[in-house]
1. Starting at the first residue of the stretch 73-88, write each ³J(HN,Hα) from the Karplus equation 6.51 cos²θ - 1.76 cosθ + 1.60 with θ = phi - 60°, in whole Hz, x for Gly and Pro.
2. So, in Å, what gap is there between the alpha-carbon centers of the stretch 1-79 and the stretch 302-361?
3. Hey, what number do you get for the chain at 222 nm if only DSSP H runs of n ≥ 4 count, each worth -39500 (n - 2.57), divided across all residues, to the nearest 500?
4. Leaving ligands, DNA and RNA out of it, report the carbon-plus-sulfur percent of the accessible area of the chain at a 1.4 Å probe.
5. In Å², and per residue, what accessible area does the chain have when probed at 1.4 Å with the other protein chains present?
6. Based on Cα positions only, what radius of gyration and what Dmax would you give for the chain, in angstroms?
7. Label the stretch 147-215 by shape, choosing from rounded, prolate and oblate, from the square roots a ≥ b ≥ c of the eigenvalues of the Cα gyration tensor; if a/c is under 1.5 it is rounded, and otherwise prolate applies when a/b is larger than b/c, oblate when it is not.
8. Let a ≥ b ≥ c be the square roots of the eigenvalues of the Cα gyration tensor of the stretch 226-346; is it rounded (a/c under 1.5), or, if not, prolate (a/b larger than b/c) or oblate?
Amino acid sequence: MSLPGRLICRATGEEYPLGTPIWRSESGGLLDLEFTPVFDPAFVAGRKPTLWRYREALPIPPEAAPITFQEGFTPLLELNLDGHPVWIKQDHLFPSGSYKDRGAAVMVSMIAHLGIRRVVEDSSGNAGCAVAAYCARAGIQCDIYVPASTSAGKLLQMEAYGAAVHRIQGNREDTAAAALIAAEDAYYASHSWNPFFFQGTKTFAYEVVEQSGWRAPDIVVLPAGNGTLLLGSYIGFRELHACGLIDRVPRLIAVQASACAPIYRAFLAGDAVVSPVDPGVTIAEGIAIAAPVRGAQILESVRATGGSVVAVTDTEVADAARMMGSRGFFLESTAAATIAGLRRWLPQASPHETVVSVFSGHGLKAPRMLRESR
Ligand SMILES: *Cc1c(COP(=O)(O)O)cnc(C)c1O
């Protein structure tokens, strides 16, 4: 059975059925996925606390067996941050230790359903870990391209899942180029290109809304490198708004590392596209993306919600990591960057606004990074 829905090239408007095994259009453009979920909160009551409770909202054919570890529905915890109440999704508690499992679960489920047996991915770490874990679960062969500087823990984790790890000299962009070449004869399970990944990360919005009593928060503060959580959340909130379940889409605040902040720059300049920057070094390795492929889309989403972009320094990131550690939360530095951005942004929030953010990755992923920052 094929689901109603389409893959659409953002550049040319070319259309493909949902089940077409492609990750970009024939003209090389980014694909968006058009799918109108039939969704009713009554469906989910009584289901297991996993992201698959929103099955009808996911563009995976009903007969496809999900590739799952029963992940998702992470705790939404209230914290007091610098005197402001905030709600934090604990996405560092996913099976592979980061929110990337949301995207990998849905994307690899579709890949397995399509009968694809071998995939390529490139990552600064966590996306590779997530894709490798779900490919292991599905019995799919997986080649991951990483920058040679990737944290040792993440490399060991990918290898433990049985992935073939290729360390590429140079920066994150050189790694992406190597993966693109390898993708010529394998399916590219890219978290930044593949539209199914964003259908997984959109469950962040569904969970936040359900856990808030089917209400939307006012502000959502999220990391932005390639924007996989941010763009997914935007899709999710918009769908819930279109279904009439929430009365507005929250303002999205994107957090970048100031050493590598192309989206921040473009936002301030009022540009519609993101020009690549010369990447500086930062302990927030997971968001240090100099040329985000969906940059224009990230800008559009932030602006459409009346949101904003903030950039944080490594000193602020290290402070946020230490502060959360002292309160019992062990975060990797990339995840601490979002909390640093949240702290930067909070003084502007009015007291009656509900603010949601995320712990995006576990501290055990890259503990050395935090030590080096002291
Ligand atoms: C991937 C990742 C991010 C940022 O995600 P983007 O898709 O690049 O915006 C933030 N935190 C952690 C821990 C990550 O793994």
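The values are calculated or read from the model by the stated rules, or taken from the named source; none is laboratory data. Since this is a predicted model, take the numbers as computed values, not measurements. Cβ atoms come from the backbone with ideal geometry, glycine included; neighbour counts cover every protein chain shown. Calculation scope for accessible area: heavy atoms of the full protein, side chains included, ligands and nucleic acids excluded. Shrake-Rupley method; radii C 1.70, N 1.55, O 1.52, S 1.80 Å.
1. 6, 5, x, 9, 10, 8, 10, 9, 10, 6, x, 10, x, 9, 10, 10
2. Comparing the Cα centres of the stretch 1-79 and the stretch 302-361, I get a distance of 28 Å.
3. When only DSSP H runs of four or more count, the value is -10500 deg cm²/dmol.
4. In the chain, the share of accessible area belonging to carbon and sulfur is 53 percent.
5. Ligands and nucleic acids excluded, the result is 38 Å² per residue.
6. Every Cα atom of the chain included, Rg and Dmax give 18.9, 55 Å.
7. prolate
8. The shape class here is oblate.
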